[in-house]
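A.B. asks: Below you'll find the structure I mean.
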Amino acid sequence: QVQFVESGGGLVRPGGSLRLSCAASGIWFRMYAMGWYRQAPGKQRELVAHITSGGSTDYADSVKDRFAISRDNAKNTVYLQMNSLKPDDTAVYYCNAAGRNDQHWGQGTQVTVSS
């Protein structure tokens, strides 16, 4: 059974930082590309950051130079370090694992950026 445990969300002031974690089980983690998506109220879910099984990364233009995705295959965990947070970053953040023939989603964690 595939299971993700996401953590690290919360309320932060503009300019602050948060680190999201997503611990996966039930998949051969090192073989999966991992991503963080977000969905704000009334908006479509969008890709924030992506990391391949080989460690190559890609980011949405809106978060480049502020966010960093990383993975620890020994811990089956993917991280999203978020710096210089803005109110527009407020959303539910979802972890995603994409394999050759399947993909899986975490339950989401709320990030709210507000003064």
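The values are calculated or read from the model by the stated rules, or taken from the named source; none is laboratory data. Quick caveat: nothing in here was measured; it's all calculated off a predicted structure. Cβ placement follows ideal geometry from the backbone for every residue including glycine, while neighbour counts extend to all protein chains displayed.
A.B. asks: Just checking, which of N83, N73, N101 is out of contact with any Gly (no Cβ under 8 Å at 6 or more places or on another chain), at pLDDT below 95 and polar (S, T, N, Q)?
C.D. replies: Sole residue among the options that is out of contact with any Gly (no Cβ under 8 Å at 6 or more places or on another chain), at pLDDT below 95 and polar (S, T, N, Q): N101.
A.B. asks: Mind listing whichever residues of the stretch 1-30 are assigned to a strand (DSSP E or B) and more than 17 Å from V113 (Cβ to Cβ)?
C.D. replies: Q3, F4, V5, E6, S7, S21, C22, A23, A24, S25
A.B. asks: Which members of the stretch 1-58 meet the condition of being in contact with a helix residue (DSSP H, G or I) (Cβ under 9 Å, 6 or more places away or on another chain) and charged (D, E, K, R)?
C.D. replies: R38
A.B. asks: How many residues does the stretch 10-26 contain that are within 13 Å of A74 (Cα to Cα) and surrounded by fewer than 17 Cβ atoms within 10 Å (Cβ to Cβ)?
C.D. replies: 1
A.B. asks: So N76 fits all but one of (1) touching a helix residue (DSSP H, G or I) at 6+ places or on another chain (Cβ under 8 Å); (2) on the phi < 0 side of the Ramachandran plot; what number is the exception?
C.D. replies: Here N76 meets the rest and fails (2).
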